[in-house]
Amino acid sequence: MFKIIEKTNLAPQIKKIVVEAGEIARKARPGQFVVIVSKESSERIPLTIADLNPQEGTITLIFQEIGFSTRELGLLGPGDSIQHILGPLGQPTDIENFGTVICVGGGVGIAEIYPVVKAMKKAGNRVLGIIGARKESLIILKEELRELCDEFFITTDDGSLGKKGLVTDILQDLFTSVEKSTHTLYPNRVYAVGPVVMMQAVSNLTKMYNIKTIVSLNPIMVDATGMCGSCRVSVGGKVVFGCVDGPEFDGHQVDFEELKKRLNSFKEKEDSL
Amino acid sequence: MRNKAKQQDIGERIKNFSEVSCGYSNDQARLETERCLLCKEPLCVKGCPVGIDIPSFIRLLRENKPEEALRKIKEKNNLPAVCGRVCPQEDQCEGRCILNKKNIPINIGALERYASDYGKQSAVGSQQSAKKNNLKIAVVGSGPAGLTAAADLAKMGFLVTLFESLHSAGGVLSYGIPEFRLPKKIVAEELGYIQGLGVEIKTDILIGKTFSLNELFEKGYRAVFLGLGAGLPQFLGIPGENLDRVYSANEFLTRINLMKAYKFPEYKTPINIGKKIAVIGAGNVAFDSARCALRLGCEVSIVYRRTETEMPARIEEIENAQEEGVHLQLLTQPLRILGDDKGFVRGLECQKMKLGEPDASGRKRPLPLKDSDFVLDVDTVIVAIGQTPNPLLGKAESRIKVNPQGTIFVDENLMTSIPGVFAGGDIVTGADTVIAAMGAGKKAALAIDNYLKNQVKSAS
Ligand code: FES
């Protein structure tokens, strides 16, 4: 049993909970995730660890209520307990001083770039942040990220906050302007988390500029320990398991079309709940 | 005549997940015990990987003392209710039974099950453990190997903690073997017995991730047993394997057994299957998958490249499956899985095979027949061609020596390349039976006991 000690609504349908999970808080590194089972009858669902506090023994989870299981989790509040949490899982983000790193977050993926931005900054990188969502009310963590990033950009589809358009528009602008001025500011690495279409668009763009791009994938998982293969994705023509080999992969190698299809495997069933 | 336990009616059982075999009635059990010759030098015991004193427990049953019979079994076997149900007795005790010469071996499996089902009330908890010695031991993985090692070590007096990464303990007994062969209530009772011996079970902990092996030693554990199992599903490597509605048997069975997808929507984990399923493979796991799919209302074919004779599954399971209506698509090799534009399976392209000369495994090698390609009309494919050892810990702990086949290297005492860390079961042998893993768990418990005794000796 893992007790929820704090809960905040960050945006419509996006919730943040802080949970007591001492062993995981002591061990986790940026980019890793946990699997939670809200109640005995619930699914096992993976959630990225958005933040942690090893002293207090807590982890922070930020999730969007997109299906039954996340809605069920969203019903729990401070004092309630999550039945099971397993972690930290997956390979941590490769953090070092690369020089300039651009971190791109879309939708609830913004929560996932937060620990990476923090760690990349700490490692001495110059960090540029780009976050985007459909509209202003869905933009989360903007103050926290603005504080950390050397340069920071926001986009919304409807223009209600920041620039109207997509995160890739900003990225494209950056590449073009940097190219025109000085190459010393050229990004050494791009890190992107968000909807599959966004990660795909970012990867397509950075490929043209030949900038190494890491994406964090969200395939469907069951055990998340490498036992079932539900999470399999094709990367560079090879089948790998998202839960143990990932969740982060080279965005230029990922078969995003296949991933999109696989994410629909259970949609009909899930929508019936 | 050999007494067969009653089974649930075929028409009924294919609609539910309740246990197929109803087990012996009192009369049947007595009749069967009376057939036993109570051999002076029993061969059956030699066939038992954990060495149960079979004639003695049968005699106790004959005297109508199921509690004592169960206690006798539990001297050697910590999971009799499981073994009575899923052991391949035909290859072990019953295969060696002297009456097997006349093809009427004693139904030892059914008797073992009877003893555990009828003797359990008083036997649980009555097992006296040795005095606790305050030495802590970590057992990693709560499948048959881990449970056996944990129980034996607890009986020897060690303080045992059993770590399981999933949210329920039991390993393959929970996620793999379906309810209709091994009810989860039975697994829970066996786990209860093992906890009654003083074993502490901690779920939701993945060793290698939540704690490293070093951390276990830092926490005061004096030795570690790794019973990690063969959890890595194999795929065929043919085109189309990543289409929707292609499952590894592990995923399919885990969704159904552990996550209870067959009770969807009461349980929230879905399984998405169509009407016609092909299960590729012919081992017990393939048949378990096929029979689960059947119970979910599908037409099911087992697709196998050899013939029925070469099938690795237990004969009883093959018979049960056929009775229930599972179709055997023999001498058939899958070539590719065909998909529709949404990414779902729409067919399985195969070719016909014939049997040639025996290969290295001694089984006849399947050879393709020219121009025999055809498409099986299916909308779901389950790949059940085997599992290899779980690589997670070996990757996380570079000091663990791993063999080229992925199994963990151990010496003759089941000790790995790290002193004090032992391993056994499928993680060492590759996929094998429940009882073989239990045998390894027993052996490891003894080895750990020896190892720690020597340590204490050299320290003093
Ligand atoms: S979720 Fe089961 S193997 Fe990755």
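Is it true that residue B:3 is outside any helix (DSSP H, G or I), of a type in the set (S, T, N, Q) and within 22 Å of residue B:87 (Cα to Cα)? Reasoning before the result, please.
Details: outside any helix (DSSP H, G or I): yes; of a type in the set (S, T, N, Q): yes; within 22 Å of residue B:87 (Cα to Cα): yes.
So residue B:3 fits the description; yes.
Taking residue A:48 as meeting all but one of (1) polar (S, T, N, Q); (2) more than 9 Å from chain B (Cβ to nearest Cβ); (3) open to solvent by less than 10 Å² (accessible area, probe 1.4 Å), write down the number of the exception.
With (1) polar (S, T, N, Q); (2) more than 9 Å from chain B (Cβ to nearest Cβ); (3) open to solvent by less than 10 Å² (accessible area, probe 1.4 Å) applied to residue A:48, the lone miss is (3).
Looking only at segment B:84-109, how many residues end up being closer than 17 Å to residue B:59 by Cβ and surrounded by fewer than 19 Cβ atoms within 10 Å (Cβ to Cβ)?
Residues in segment B:84-109 being closer than 17 Å to residue B:59 by Cβ and surrounded by fewer than 19 Cβ atoms within 10 Å (Cβ to Cβ): 2 in total.
Of the numbered conditions (1) assigned by TED's automatic domain parsing to the domain that holds residue B:452; (2) free of Cβ contacts under 8 Å to residues at least 12 places away in the same chain, residue B:242 satisfies every one except a single condition; which is it?
(1)
Do the conditions hold for residue A:204, that is, is it surrounded by fewer than 23 Cβ atoms within 10 Å (Cβ to Cβ), touching a strand residue (DSSP E or B) at 6+ places or on another chain (Cβ under 7 Å) and away from chain B (no Cβ under 12 Å)?
Spelling it out, it is not the case that residue A:204 is surrounded by fewer than 23 Cβ atoms within 10 Å (Cβ to Cβ), touching a strand residue (DSSP E or B) at 6+ places or on another chain (Cβ under 7 Å) and away from chain B (no Cβ under 12 Å).
Could you tell me which numbered condition residue B:447 fails, if it satisfies all but one of (1) crowded, with 18+ Cβ neighbours inside 10 Å; (2) in contact (Cβ under 8 Å) with a residue 40 or more places away in the chain?
Result: residue B:447 passes all but (2).
Looking at the structure I just gave you, is residue B:262 modelled with pLDDT under 95, within 25 Å of the chain's Cα centre (by Cα) and within 8 Å of chain A (Cβ to nearest Cβ)? Before you say what the answer is, go through the steps one by one.
Details: modelled with pLDDT under 95: yes; within 25 Å of the chain's Cα centre (by Cα): yes; within 8 Å of chain A (Cβ to nearest Cβ): no.
When the stated conditions are applied, residue B:262 does not pass them.
If the requirement is being surrounded by fewer than 23 Cβ atoms within 10 Å (Cβ to Cβ), out of contact with any His (no Cβ under 8 Å at 6 or more places or on another chain) and modelled with pLDDT under 95, which of these qualifies: B:81, B:123?
B:123
Taking segment B:265-279 as the region of interest, how many residues are away from every other protein chain (no Cβ under 12 Å) and over 17 Å from residue A:230 (Cα atoms)? Working first, answer last.
Pass one, segment B:265-279, residues away from every other protein chain (no Cβ under 12 Å): B:275-279.
If we keep only those that are over 17 Å from residue A:230 (Cα atoms) as well, we get B:275-278.
The qualifying residues number 4.
Could you list, in sequence order, all residues of segment A:101-128 that are more than 15 Å from residue A:50 (Cβ to Cβ), open to solvent by less than 10 Å² (accessible area, probe 1.4 Å) and in contact with a Leu (Cβ under 6 Å, 6 or more places away or on another chain)?
Hit for segment A:101-128 is A:102, nothing else.
May I ask you to verify whether residue B:448 is touching a Lys or Arg at 6+ places or on another chain (Cβ under 8 Å) and within 17 Å of residue B:137 (Cβ to Cβ)? Steps first, please.
Numbers: touching a Lys or Arg at 6+ places or on another chain (Cβ under 8 Å): no; within 17 Å of residue B:137 (Cβ to Cβ): yes.
No; evaluated as a whole, the condition is false for this residue.
Here is a check on your reading of the model: is residue B:270 of a type outside the set (A, V, I, L, M) and open to solvent by less than 10 Å² (accessible area, probe 1.4 Å)? Lay out the reasoning, then the answer.
Values: of a type outside the set (A, V, I, L, M): yes; open to solvent by less than 10 Å² (accessible area, probe 1.4 Å): yes.
So residue B:270 fits the description; yes.
Please state which one of B:193, B:114 is open to solvent by 10 Å² or more (accessible area, probe 1.4 Å) and hydroxyl-bearing (Ser, Thr, Tyr).
Values: B:193 fails: open to solvent by 10 Å² or more (accessible area, probe 1.4 Å).
B:114 is the lone residue from the list that is open to solvent by 10 Å² or more (accessible area, probe 1.4 Å) and hydroxyl-bearing (Ser, Thr, Tyr).
Counting only residues that are within 19 Å of residue B:316 (Cα to Cα) and in contact with a helix residue (DSSP H, G or I) (Cβ under 7 Å, 6 or more places away or on another chain), which one in segment B:17-31 is surrounded by the fewest Cβ atoms within 10 Å (Cβ to Cβ)? Spell out how you get there, then give the answer.
Here is the first cut: in segment B:17-31, the ones within 19 Å of residue B:316 (Cα to Cα) are B:17-24.
In the following step, the residues that additionally are in contact with a helix residue (DSSP H, G or I) (Cβ under 7 Å, 6 or more places away or on another chain) were identified as B:17, B:20, B:23-24.
Numbers: B:17: 21, B:20: 23, B:23: 18, B:24: 26.
The residue in question is B:23.
Could you tell me which numbered condition residue A:236 fails, if it satisfies all but one of (1) away from every other protein chain (no Cβ under 13 Å); (2) closer than 30 Å to residue A:87 by Cβ; (3) open to solvent by less than 10 Å² (accessible area, probe 1.4 Å)?
In the conditions (1) away from every other protein chain (no Cβ under 13 Å); (2) closer than 30 Å to residue A:87 by Cβ; (3) open to solvent by less than 10 Å² (accessible area, probe 1.4 Å), residue A:236 misses (3) alone.
Looking at segment B:225-236 only, could you name the residues that are more than 8 Å from chain A (Cβ to nearest Cβ) and surrounded by fewer than 22 Cβ atoms within 10 Å (Cβ to Cβ)? Outline the logic, then answer.
Pass one, segment B:225-236, residues more than 8 Å from chain A (Cβ to nearest Cβ): B:225-230, B:234, B:236.
Passing the criteria: B:234, B:236.
Within segment B:237-258, can you find the residues that are more than 7 Å from chain A (Cβ to nearest Cβ), open to solvent by less than 20 Å² (accessible area, probe 1.4 Å) and more than 18 Å from residue B:281 (Cβ to Cβ)?
Hit for segment B:237-258 is B:258, nothing else.
Which residues, counting only those in segment A:239-273, are open to solvent by less than 50 Å² (accessible area, probe 1.4 Å), within 27 Å of residue A:85 (Cβ to Cβ) and of a type in the set (Asp, Glu)?
Listed by number, the list holds a single entry, A:248.
Considering every residue within segment B:374-383, establish whether at least one is modelled with pLDDT under 90 and outside any loop (DSSP other than H, G, I, E, B). Don't jump to the end; show me each part of the working.
If we filter segment B:374-383 for residues that are modelled with pLDDT under 90, which is where we start, we get none.
The answer is no, given that none of the residues of segment B:374-383 is modelled with pLDDT under 90 and outside any loop (DSSP other than H, G, I, E, B).
Counting only residues that are open to solvent by 50 Å² or more (accessible area, probe 1.4 Å) and away from chain A (no Cβ under 12 Å), which one in segment B:201-223 is farthest from the chain's Cα centre (by Cα)?
Among residues in segment B:201-223 that are open to solvent by 50 Å² or more (accessible area, probe 1.4 Å) and away from chain A (no Cβ under 12 Å), the one farthest from the chain's Cα centre (by Cα) is B:218.
Considering only segment B:287-319, state which residues are more than 18 Å from the chain's Cα centre (by Cα) and of a type in the set (S, T, N, Q).
Within segment B:287-319, the first condition is being more than 18 Å from the chain's Cα centre (by Cα), and the residues that meet it are B:293-310, B:319.
Result: B:301, B:307, B:309.
Please identify the pairs in which a residue from segment B:184-199 that is without any contact (Cβ under 8 Å) to a residue 24 or more places away in the chain and closer than 16 Å to residue B:136 by Cα has its Cβ atom under 8 Å from the Cβ atom of a residue that is open to solvent by 10 Å² or more (accessible area, probe 1.4 Å) and outside any helix (DSSP H, G or I), counting only partners at least 6 apart or on another chain.
Within 8 Å, the pairs are B:195/B:201.
The values are calculated or read from the model by the stated rules, or taken from the named source; none is laboratory data. Computed from a predicted model, the values in this text were never measured in an experiment. Every residue, glycine among them, receives a Cβ derived from its backbone with ideal geometry; neighbour counts consider all protein chains shown. Please note that ligands, DNA and RNA were not included when accessible areas were found on the heavy atoms of the full protein model with its side chains. Shrake-Rupley method; radii C 1.70, N 1.55, O 1.52, S 1.80 Å.
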